[in-house]
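Please treat every number below as a calculation from the coordinates, not as lab data. Here the structure is a predicted model, which is why all the values come from computation and not from measurement. Here the Cβ is made from the backbone with ideal geometry for all residues, glycine too, and neighbour counts use every protein chain on show.
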Amino acid sequence: MDFRIALSLVASLALPASAQPLMLDGVWGNEAGCVFARGGNRSDDSRVVLKAGGFETYATLCEWVQVANAPDGTQVVTGLCAHEGEDFRTADVYIVERDVADPSTVRIRSRSGELLGEVHKCP
């Protein structure tokens, strides 16, 4: 392989990746998540906070590294996640979808469809 091609390949791998953000504005959360986002109770383990760049629960903090859009508006995201008590991070896939009957409700699901949280835009 030509040295210049190899060098440009290595240089391109060193560039930071940037995920397209979720199609959300502001901070979204369940009741405990919105209180937390306003600087409130950090000890409520039911909190769920969703932002364009990631989401947070009591024990997990994920930064989106990849976002894919489905034609119906559902977004499939890959998160680089840290977990309470662990010294490593995981790469996890999530589904973020608006409720068809109530577009002010957004659900976060695991890759298998398990509901992880239901959030609304925080006031």
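Computed FRET efficiency, Cβ-Cβ of Tyr58 and Glu97, R0 35 Å: what is it to the nearest 0.05?
Numbers: r = 22 Å, r/R0 = 0.64.
The computed FRET efficiency comes out at 0.95.
Per residue of region 60-65, what does 6.51 cos²θ - 1.76 cosθ + 1.60 with θ = phi - 60° give for ³J(HN,Hα)? Whole Hz please, x for Gly and Pro, Karplus curve as stated.
9, 10, 10, 10, 5, 10
Where the only charges are on Cβ atoms (+1 Lys, Arg; -1 Asp, Glu), what is the dipole of region 18-121 about its Cα centre, to the nearest 20 debye?
220
Once amide H atoms are placed 1.01 Å from N in the peptide plane, what residues at a sequence separation of 5 or more from Tyr58, or on another chain, have their amide H within under 5 Å of its amide H?
Arg47
Tell me, what is the FRET efficiency for Ala70 and Glu31 to the nearest 0.05, using R0 = 30 angstrom and their Cβ-Cβ distance as r?
So, using R0 = 30 Å, E works out to roughly 0.60.
Convert each backbone phi in region 70-84 into a coupling constant with the Karplus relation 6.51 cos²θ - 1.76 cosθ + 1.60 (shift: θ = phi - 60°), then list the ³J(HN,Hα) values in order as whole Hz, x for Gly and Pro.
Taking θ as phi minus 60°, the curve returns 8, x, 7, x, 5, 10, 9, 10, 9, x, 9, 10, 10, 10, 3 Hz for region 70-84.
In a shell of Cβ-Cβ distance under 15 Å around Pro103, excluding Pro103 itself, what net charge do Lys and Arg (+1) and Asp and Glu (-1) give?
Result for the neighbourhood of Pro103: -3.
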